Structure formats: structure tokens, C-alpha cells
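K.L.:
The structure under discussion is supplied below as C-alpha cells; questions concerning it will follow.
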Amino acid sequence: MNQVIEIKNLSKWFDDFQVLKDINLNVKKGEKIVICGPSGSGKSTLIRCVNRLEVHQEGSVRVNGIELTDNVEVIESTRKVVGMVFQHFNLFPHLTILENLTLAPMWAKKLNKNEALEIANKYLDIVQIADQAHKYPGQLSGGQKQRVAIARSLCLKPEIMLFDEPTSALDPEMVKEVLDVMTKLAEEGMTMICVTHEMGFAKQVADRMVFMDEGKIVEESSPEEFFNNPKSERTKKFLNQILH
Amino acid sequence: MNFLKSEKNREYLWQVLFTLSIIAFFTFILRNTQSALDKQGIASGFSFLSQEAGFEIGESIIDFFSDDTYQLALLSGFLNTVKVAFIGNILALALGFIVGVTSLSDNYLVAKLSKFYVESIRNIPLILQLFFWYSIFTEVFPSVRSALNPIGGVYLSNRGLYLVSFSDHWFFNILPLIGILSVVAFFFFKKRSIKSLERTGVARKIFLPTLLFFILVSFALWLVAGLPRELSWPTLAGFNFEGGVHLSPEFSSLLIGLVLYTSAFNAEIVRAGILSVDHGQWEAASSLGLNKNQTLSLIVIPQALRVAIPPLISQVLNLTKNSSLAVAIGYPDFVSVANTSLNITGQAVELVLLIMLVYLSISLSTSLVMNIYNRSVTLKER
Ligand SMILES: Nc1ncnc2c1ncn2[C@@H]1O[C@H](COP(=O)(O)OP(=O)(O)O)[C@@H](O)[C@H]1O
Ligand SMILES: [Mg+2]
């Protein structure tokens, strides 16, 4: 049993509207899952249930064997091991890049300033943005912002990373620099769930593909099978639309 | 007529016409007033300022007696305005901040109470509130002899509020000065920290050295002063208290009224500022394991204040201008003193001009200071 994420019979409603319908998904340590599917199919909601940004009504979500409930301590300690990268970066605009990175280590992990700075500088180097450390987010390009956002999550040394369409708010020429960082992270053995429509990235990195439609997992298979031999009609149609 | 076809020229033309008509209007009024005053034998000009005022002022920061000049009377009124506006704004901002934040609390009762406070206070005219507080002091509170004493050192009576205070030793009198010096020191340490951050990547501490500065300087001077530690307690002497700090019923009720009224508006501004912060900021902060209070104080409030500062500036000015309602409850602010002077001397044009000038300069200097602060916290964008 080395499942780090176990999602069982998960259902979620926004008022009367059922967004997630009986989802089952397990993720092993070091596995990379790519989730795709049409807009509004519930992909974001699903991964947001993993760090409890969304609260589910039925079923269970376990991270490292611990079930997510309303218990604030469980939620906060889960969030320290589950990093999340958003479509719109959500950097803190009033703080410098360096302060964006040191904030959580200092306040959530109670590291002292020098330890936090050491970690921050290390990850700024890794995402190749060290020269911008004292600028503000507003002074950076989209690609740079997203790399900072990834570095910010990594500063907490998470075991799992969630990506919610990290490249879809970017200009095309900046997509690659972000995907390169993600690929490097994958190669280093990070457990990852990525919601993305970058199929090149998926083919290269994914251990498993998950296709969602209307709140359900429609297809779950290896990338070879998913791209060459999709089973369901809806998957075929979707792949046709985004690959051509 | 090509001249009038241009949009720009037409705008200019309207502006020129508008300005001319305003000038014409004021010249007309001024002329009329002047000739009316001339008929009554009132000389124009500001020479009356150095004449003896001949009236008393209820309370004054500087010494003022009825045989002092109008000049001194107006200065005394001006200082009273500054006093109530300065203390009032600090309290109104602090209270507004607390109520604004709590109105968004997860606790249903707390949030509802804050909203109730804001709605009820905002919707009652300020002047009624002033009358209400003033009547509490004059009608409800007992006479000095049976003054209420809710906690040690605080006495409430129809003569106002008496508080225990530091004795009249020079050390206690220069304490505020040390406070101001510490603010200067704060900015010095902040600059040093930013410089060091840019050069070495390590920010230096700001608050700790400022606090140390304040404590060390105060302590050193306290030693030099010979360790003064006497307090001045209000004690009953005849028909009044002696010692301590005295806040008159007029000042107290004006202060309470202005603070409560303005704090309700400030609270709404702070609340709107917090709501204006993108939801993604909350999500990013909590996904990094920050708890709710940390998210609020480190991420949301700093951004909310940036949005809130411009409208808060106009509330600061509002409180200052509203302090002229003092005349209704007999607090001798600038307008009230100017009004009395006007009734005696009849120098209407000069005194109205003075009032306008004083309020204009208070407003302009307040917004200057606040705008400098605002600029220093505005987000840096490309
Ligand atoms: N906070 C919310 N309140 C109500 N409905 C929501 C909320 N968030 C998402 N939804 C709805 O849930 C559905 C799934 O949303 P989402 O998970 O964001 O889809 P995806 O990420 O696949 O595009 C959409 O129909 C969306 O409108
Ligand atoms: Mg989405």
C-alpha cells in the first residue's frame, strides 16, 4: 500500500448541481497523472478536493492515509505536503518575489528567516529566476510568474504537486519555459496531478491519463492506449478537437 | 466658423465662459456685501484681528482671556479644531478597521453585530447623534459630587470626564516627542532594511530596533529626570475635580459623536477593500498552509488597505469638516470662535474668508500627507 492519494466514491454538489459523480482515483508515490476533459467537466473541482479548497459531500479523500475532514489541523498539515499551482498564478502582488517564497516557510512551517531565504534562493535558481528576486510580481512576464508560483509551492518541500491548467493563461511563447520546469520536477520523482491540455507534455510525462466529462471519469488508461486507442466515443471526439 | 468645429476648442470656450461667470458672480456678491458693511460703518481689512476680543472661550489649549486679541481667540479655536480632528481621526480609523474586519467574521453573531452597528450609525444624522451624546453628559450623568467611578482613576459627571494622568513633570511632557522621534527612526530602519535586502538578500529587522530605540531613549531620559513616577489623580476640591486630565462634556460628546459616525463609514470602506481582494489570493495563501488569521493579516489586509486608502482619506477630511458642527453643542472650535467674532465685529467677508482658508489648508495638507503615504504603498507594476 503506497497510495499517497485515495479518492473513493467522491461526489460533490454546488447547491443542486452535481459537479463530481462517484469519482474513484488512486495515486501512488511518484506517479504522474494527467487529467483532461472539456471545460466545466469538474477537473479543477476534483483536484481542489485533494487539498480541501473544495469540500465534498459524499465519499472520502485520503492523503498519506489521513482522511480529509473539517478538522483544521488535518487540513493545514495536508496543505503543507500538497502544493498547488493555479491557472492565474495567484502570486501575492504586494510582496517581492523573494517574500512570496519565504512567506509560507516562515509562517506555516515556522522556519527562521535565514533558513527560509536559503530555501527560497535555491528554488529561485532551479526555476531560473534568481535575477528577479527583488522585483514585484507585476513586473514579471506570465511565464516568469508561473515559474515563481511553482517555486513558491516547492519551498514547503511538498510530497505531492497539483497543477490546474498552469499554462492556459500564458502567451504561447511562454508555455515551454513552464512545461520545462514541470518536466524537470517529474523527472526528479515528484508525485503530480496535472490538469492540462498540453498533450505533448502528457505523452512525455504521464504515467496515467484520466479523461473527465460531466463530472465523471470516463476513461483512465496509459498514455499509449489513451492517445492511440481511446475506448470511449467522447474521448475520441475530445482528442480530435484538441489535436487537430 | 472652423474654430468651433474642434471638440477641444469648444471645451476651452465653455471653460472660459464658466470661469468668467464665476468671477462675475463673486465680484457682485463681494461688492454688495462691502457696500452694505460700509453703510454700517464697518471698516474692511484685517486690522480688527489685533483688537481686544472681549469674550471668553470655554476651553483652550493655549492660555486665553477675554482681554486677549481676536487673533489669539481664532488661534485657540483653530487648535481646538485640530485637537478634536486629530484624536478623532486616529480613533475613527482604528474603530472602523476593527468593525470592518469583524463584519466579515465567520462568527454569525459578531458579523451581524458589526453590520447592525454600521447601518444604525450611518443612517442617523450626525447632528442628532451629537445632541444625544451631549444630553447624556449634561442630563444623565450625575453632578461632580456624586460622579460615577466605573474604574479607578476615571470619573464621569455632568462636568465631563476626569482621568488619572502623569504628573506635570518635564519627562512626561516630552514623551510624545520621543514617540515622534521613534516614527522617524522607524522609517530610517525601514530604509536600512530595504538597502540591505537589495545588497545582500537579507532584510534587517525594522520593528525590533524601533521598539528598542523608544524604550532605551525613554529609559535613559527617565533616569536623567530622576525616576519620576508620580501620577496625578483627580480629587474632589469644592465643586470640581482637581488634577488629572479633564475632557469637557462638549469635547467628549463631539469626539464620541464624530468617532462613532465616521468609524461606520470607515468600516464600510475597509470591508469593501477586503472584499475587493481576489478570491485567488485567499486560495493561494491557504493552499500554502497559512491559517485564516495569517492569510488575513499578511495577504488580504495589506492589499485591501491599498484600495481603501483613497476613500479613507476623504473620510479623514469629512471628520475634520464635520467637527465644525461643534457650534451646535458649544465646543469652541474654529468656526464657533469665528462665528462669535463675526457677531461682535461684523467683519463677515474677512472671517468667512479666514474660515475658507483654514479649512482649505487643513484639507490640502491632510490629503498631501495621505497621498504621499498612498504613493509609497501603491503596487509596483511595469
Ligand atoms: N464555486 C462554484 N459555485 C458554483 N458552481 C461552480 C463553482 N465552481 C465551479 N462550478 C461549476 O462546476 C462545474 C465544474 O467546474 P470546474 O471544476 O471548474 O470545471 P473544469 O475545471 O473542468 O473546467 C462548472 O459547471 C462550474 O460552472
Ligand atoms: Mg478548471
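K.L.:
What is the sum of charges, Lys and Arg at +1 and Asp and Glu at -1, for the other residues whose Cβ falls under 14 Å from the Cβ of B:Gly54?
P.N.:
Within the 14 Å Cβ shell, the charges total -4.
K.L.:
I would also like to ask the following. To check you understand DSSP bridge types, tell me what percent of the beta bridges within chain A (both residues inside) are antiparallel, rounded to 5.
P.N.:
On the way: 20 of 37 bridges.
Around 55 percent antiparallel, to the nearest 5.
K.L.:
Something else: Using the Karplus equation 6.51 cos²θ - 1.76 cosθ + 1.60 (θ = phi - 60°), what ³J(HN,Hα) coupling, rounded to whole Hz, does each residue of segment A:86-96 give in order, writing x for Gly and Pro?
P.N.:
Taking θ as phi minus 60°, the curve returns 9, 4, 9, 6, 6, 6, 8, x, 8, 10, 5 Hz for segment A:86-96.
K.L.:
In whole Å, largest first, what are the principal axis extents of the Cα atoms in segment B:265-344?
P.N.:
That works out to 69, 18, 14 Å along the principal axes.
K.L.:
Could you list which residues have their amide H under 5 Å from that of A:Ser11, counting only those 5 or more apart in sequence or on another chain, with H placed in the peptide plane?
P.N.:
So A:Ser11 has HN proximity to A:Asp22, A:Ile23, A:Gln57, A:Glu58, A:Gly59.
K.L.:
In Å and whole numbers, how far do the C-alpha atoms of chain A stretch along each principal axis, longest first?
P.N.:
53, 43, 35 Å, listed from the longest principal axis down.
K.L.:
Further, regarding this structure: For the residues B:Val183, B:Val358, B:Val259, what sequence is obtained by ranking on other C-beta atoms within 10 Å, fewest first?
P.N.:
Values: B:Val183 11, B:Val358 18, B:Val259 23.
Listing B:Val183, B:Val358, B:Val259 from fewest to most nearby Cβ atoms yields B:Val183, B:Val358, B:Val259.
K.L.:
Another question, if that's okay. Once every DSSP H run of n ≥ 4 in chain B is given -39500 (n - 2.57) and the sum is divided by its residues, what mean residue ellipticity at 222 nm do you get, rounded to the nearest 500 deg cm²/dmol?
P.N.:
Using -39500 (n - 2.57) per qualifying helix, the result is -22000 deg cm²/dmol.
K.L.:
Counting other C-beta atoms within 10 Å, which of A:His134, B:His246, A:His56 has the fewest, and how do the rest follow?
P.N.:
A:His134, B:His246, A:His56
K.L.:
On to the next question. Which value, in Å³ per residue, describes the convex hull spanned by the Cα atoms of segment B:168-227? It would help to have the intermediate numbers written out before the result.
P.N.:
On the way: hull volume 3.7 nm³, N = 60.
Dividing the Cα hull volume of segment B:168-227 by its residues yields 62 Å³.
K.L.:
Could you work out the mean projected area of the convex hull around the alpha carbons of segment B:133-180, in square nanometres to one decimal?
P.N.:
Taking the Cα atoms of segment B:133-180, their convex hull projects to 4.9 nm² on average.
K.L.:
Here is the link list: A:Lys113/B:Lys195; A:Lys21/B:Lys292; A:Lys28/A:Lys157; A:Lys109/A:Lys203. Which ones come out longer than 25 Å on Cα distance?
P.N.:
From the list (A:Lys113/B:Lys195; A:Lys21/B:Lys292; A:Lys28/A:Lys157; A:Lys109/A:Lys203), the Cα-Cα distance tops 25 Å for A:Lys21/B:Lys292; A:Lys109/A:Lys203.
K.L.:
May I ask you to compute the full-extension gain from B:Asn240 to B:Thr138, defined as 0.36 nm times their residue separation minus their alpha-carbon distance, rounded to one decimal in nm?
P.N.:
Result: 35.2 nm gained on full extension.
K.L.:
While we're here: First measure r as the distance between the Cβ atoms of B:Leu357 and B:Leu104, then evaluate 1/(1 + (r/R0)^6) with R0 = 41 Å and state the FRET efficiency to the nearest 0.05. Walk me through the numbers on the way to the answer.
P.N.:
Working: r = 42 Å, r/R0 = 1.01.
Efficiency, from the Cβ-Cβ distance: 0.50.
K.L.:
What is the extension gain from B:Asn32 to B:Arg192, computed as 0.36 nm multiplied by their sequence separation minus the C-alpha to C-alpha distance, in nm to one decimal?
P.N.:
51.5 nm
K.L.:
A follow-up question, please. What is the set of long-range amide H partners of A:Val218 at a cut-off below 5 Å, with H atoms built 1.01 Å from backbone N?
P.N.:
Result for A:Val218 returns A:Phe211, A:Met212, A:Asp213.
K.L.:
Can you give me the relative contact order of chain B as a percent, contacts being Cα pairs under 8 Å and 6 or more apart?
P.N.:
Computed over chain B, the figure is 22 percent.
K.L.:
Can you give the translational diffusion coefficient of segment A:65-139 in µm²/s, computed by Stokes-Einstein from the Kirkwood radius over Cα pairs at 25 °C and 0.890 mPa s?
P.N.:
Rounded to a whole number, D works out at 178 µm²/s.
K.L.:
Another question, if that's okay. With a 10 Å radius around each residue's Cβ, average the other Cβ atoms per peptide and rank B:129-141, B:155-167, highest first. Write out the running numbers ahead of the final one.
P.N.:
Working: B:129-141: 16.5, B:155-167: 18.7.
Descending mean neighbour count gives B:155-167, B:129-141.
K.L.:
Moving on. Just the number, please: Stokes-Einstein D of segment B:305-382 in µm²/s, Kirkwood Rh from C-alpha pairs, 10 °C, 1.306 mPa s.
P.N.:
It comes out at roughly 110 µm²/s.
K.L.:
Report the far tail of the P(r) of the protein assembly as shown, meaning the percent of Cα-Cα pairs longer than 36 Å. Provide the component values of the computation, followed by the final result.
P.N.:
Values: 112670 of 195625 pairs.
Considering the protein assembly as shown, 58 percent of its Cα-Cα pairs are separated by more than 36 Å.
K.L.:
What relative contact order, as a whole-number percentage, does segment A:3-243 give when Cα pairs under 8 Å and 6 or more residues apart are counted?
P.N.:
26 percent
K.L.:
On to the next question. Return the distance in nm (one decimal) between the two label points of a simple spin-label model at A:Glu173 and B:Ile124, each offset 7 Å from Cα along Cα→Cβ.
P.N.:
The answer from the label model is 6.4 nm.
K.L.:
Quote the FRET efficiency, to the nearest 0.05, computed for B:Ala272 versus B:Ile174 with a Förster distance R0 of 45 Å and r equal to the Cβ-Cβ distance.
P.N.:
0.65
K.L.:
Which value in nm describes the separation of the simple spin-label points at B:Ile372 and A:Gln128, placed 7 Å from the Cα toward the beta carbon?
P.N.:
4.5 nm
K.L.:
Moving on to the next point. Within a Cβ distance under 14 Å of B:Gln15, other residues only, what is the Lys/Arg minus Asp/Glu net charge?
P.N.:
Here the count lands on 0.
K.L.:
Right, next: Once the convex hull of the C-alpha atoms of chain B is built, how many Å³ does it hold per residue, rounded to a whole number?
P.N.:
257 Å³
K.L.:
Let me confirm one metric for peptide A:113-122, namely the mean number of other chain beta-carbon atoms within 10 Å of its residues' beta-carbons.
P.N.:
Partner Cβ neighbours, averaged per residue: 1.
K.L.:
If neighbour count is taken as other Cβ atoms inside 10 Å, put B:Thr345, A:Thr45 in order from fewest to most.
P.N.:
Ranked by crowding around the Cβ, least crowded first: B:Thr345, A:Thr45.
K.L.:
I'd like the antiparallel share, as a percent to the nearest 5, of DSSP beta bridges with both residues in the protein assembly as shown.
P.N.:
65 percent
Here, each number is a calculation from the coordinates, and none is a lab measurement. Source: prediction; values computed, not measured. Reconstructed Cβ throughout: ideal geometry from the backbone, glycine too, with neighbour counts over all protein chains shown.
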